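K.L.:
I'd like to ask you about the structure that follows.
The values are calculated or read from the model by the stated rules, or taken from the named source; none is laboratory data. The structure presented is a predicted model; accordingly, all values stated were derived computationally and were not measured. FYI the Cβ positions are ideal-geometry reconstructions off the backbone, even for glycines, and counts take in every protein chain you see. SASA here: full protein model, heavy atoms, side chains in, ligands and nucleic acids out. Shrake-Rupley method; radii C 1.70, N 1.55, O 1.52, S 1.80 Å.
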Amino acid sequence: MRVKFILPALTEATNPYWRPIKYSLFPPLGLATLAAYLPPDWEVDLQDEHVEKLHLHDAPHLVIIQVYITNAYRAYALADHYRARGAYVCLGGLHVTSLPEEAAPHADSIFLGPGEETFPAFLHDFQHGRPRPRYVSGAGRTLVGVPPIRRDLIKRERYLVPNSIVVTRGCPHHCDFCYKDAFFEGGKSFYTQPVDDALAEINRLPGRHLYFLDDHLLGNVRFAASLFEGMRGMGRLFQGAATVDSILRDNGLLEKAAQAGLRSLFVGFETLSPVNLKTSNKPQNLGRDYAAAIRRLHDLGIMINGSFVFGLDDDRPDVFRRTVEWAVNQGITTATFHIATPYPGTALFKQMETQGRLLHRRWNEYDTRTVVCQPGPHLTARQLKNGYDQAYRDFYSWTNITRASLVHDTLRHQLKHFAYAGGWKKFEPLWNFLIKFRHLDAMRPLLEGILSKVRGTDPPASPGAPPLTPATADTELLLKLPVLQ
């Protein structure tokens, strides 16, 4: 049996002349997770169109395609292509779960919600010649017994961060603009892997650097504490994501994370407006002292990637300048700005649809960089787009990178901030060169160096995780969740 897994890409990601680094960060863990359920004697191929040209003249028996909103049209075209060639085609992912009736005509089977329950059920039916057209995840969600990810299928050398990992599913919060509630409808919306399984997966990974793609790594205190305790002494450097309220809790968890190697955290500040937080159903940020959360992270030597959303109803024309100035004054290392985008299946989408504010349904433009719905009463669509673009230019100007770096209290932290922020946004031609000539792996030791401790030195890597060398990279080197999750 020949099986093919495909992660389709936007046209932008396949441009032969200019390849943004963001498309070469993380491998398709969701597809590699599903591949682990296949019988060992089946022939398996995994292709990520973001980093390689797809081979479309092959003849697989079974094709599984991951669909997210901006790659939906490409995914449907690929599905139609392989069905015409006689393959049995399955579609799953966030977009399929949100709009199953749109996806169903392009597939023989579709999968709604997390895949740990539905994909094994499909394989059983497929092997017995009676696959169903639709599989829906229900109450039986668990990460207990999930087989190890098929990392042998991942082309490590094509990613800057091949050591990405997911140890939880979902998030305990319910923000109106997040896809999570629609995706996890019908069962648990936040659950964790057994700690021993997570540690075993970490031990399989070469090098020192890890990136946890979990929506909220600190969301389950007991799990996270056990995970970090198990990671102490491994000599790892890792990045992840968490919320403001979890950072402010005085439960020792953040200190354990730092001791285990946490060096950078994605934090969803989203907006400086309490009105926007309330109307977006983000109470975990309401009344929280953002500055105190930032100080806690900086005192532990943890860099911050702050997330901000523009275009919410309380935003006014000065929101872009004020947000950038605040982020720079706080010493935030990197910032990710978004235009408020209503994903199908979310409360925000229903609100925009009911109010007649959707401008169109061209899903490939729902990329958080394009205005796809009429913003609130204080902004025009043009002001929103221009302000968003200007915010990026201003935050990542050399002047503001320097200003933000000088907020820190040690020279080492200042240099680390300057190198990380500048390298991320100011050397895009270099990233393009490295991607085109497949030398991203050469940058990994530099990344590990920048992520070293601000105070003192990092412990050496454990015997199970040797330092990354060119030989290691040659032999082995956002989608955050498995394809059917």
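K.L.:
Take the range 199-231 and flag every residue that is in a loop (DSSP other than H, G, I, E, B), within 18 Å of ASN163 (Cβ to Cβ) and more than 16 Å from the chain's Cα centre (by Cα).
P.N.:
Result: ARG204, LEU205, PRO206, GLY207, ARG208.
K.L.:
Quick check on my filter: what residues within the range 389-414 are open to solvent by 80 Å² or more (accessible area, probe 1.4 Å) and modelled with pLDDT under 95?
P.N.:
Result: ASP409, LEU411, ARG412.
K.L.:
Can I ask one more? Exactly one condition in (1) in contact with a strand residue (DSSP E or B) (Cβ under 6 Å, 6 or more places away or on another chain); (2) at pLDDT 95 or above; (3) of a type in the set (Asp, Glu) is false for GLU448; which is it?
P.N.:
(2)
K.L.:
A follow-up question, please. Looking only at helices (runs of 4 or more DSSP H) that fall completely inside the range 1-106, which ones have 2 or more residues that are at negative phi and surrounded by fewer than 19 Cβ atoms within 10 Å (Cβ to Cβ)?
P.N.:
Qualifying helices (runs of 4 or more DSSP H): 72-84, 100-103.
K.L.:
Next question, about the same structure. Please list, ordered by first then second residue, the pairs with beta carbon atoms under 7 Å, 6 or more apart or interchain, first in the range 346-373 and hydroxyl-bearing (Ser, Thr, Tyr), second at pLDDT 95 or above and in a loop (DSSP other than H, G, I, E, B).
P.N.:
What qualifies is TYR366/THR341; TYR366/TYR343; TYR366/VAL372; THR368/THR341.
K.L.:
Can I ask one more? Tell me yes or no: at least one residue of the range 451-458 is at pLDDT 90 or above and not charged (D, E, K, R).
P.N.:
yes
K.L.:
From LEU297, LEU312, which residue is at pLDDT 95 or above, assigned to a helix (DSSP H, G or I) and open to solvent by less than 50 Å² (accessible area, probe 1.4 Å)?
P.N.:
LEU297
K.L.:
Would you check if there is a residue in the range 267-274 being small (Gly, Ala, Ser) and at pLDDT below 95?
P.N.:
No, the conditions are met nowhere in the range 267-274.
K.L.:
Filter the range 1-30 down to the residues that are more than 30 Å from GLY86 (Cβ to Cβ) and aliphatic (A, V, I, L, M), then identify the one that is modelled with the highest pLDDT.
P.N.:
Going through the qualifying residues, I end up with LEU25.
K.L.:
SER307 is checked against (1) farther than 17 Å from ILE339 by Cα; (2) surrounded by fewer than 18 Cβ atoms within 10 Å (Cβ to Cβ); (3) under 23 Å from the mean Cα position of the chain (by Cα) and fails just one. What number does that condition carry?
P.N.:
(1)
K.L.:
So ASN281 passes all but one of these: (1) over 26 Å from ASP458 (Cα atoms); (2) part of a helix (DSSP H, G or I). Which condition number does it fail?
P.N.:
Only one criterion is unmet by ASN281, namely (2).
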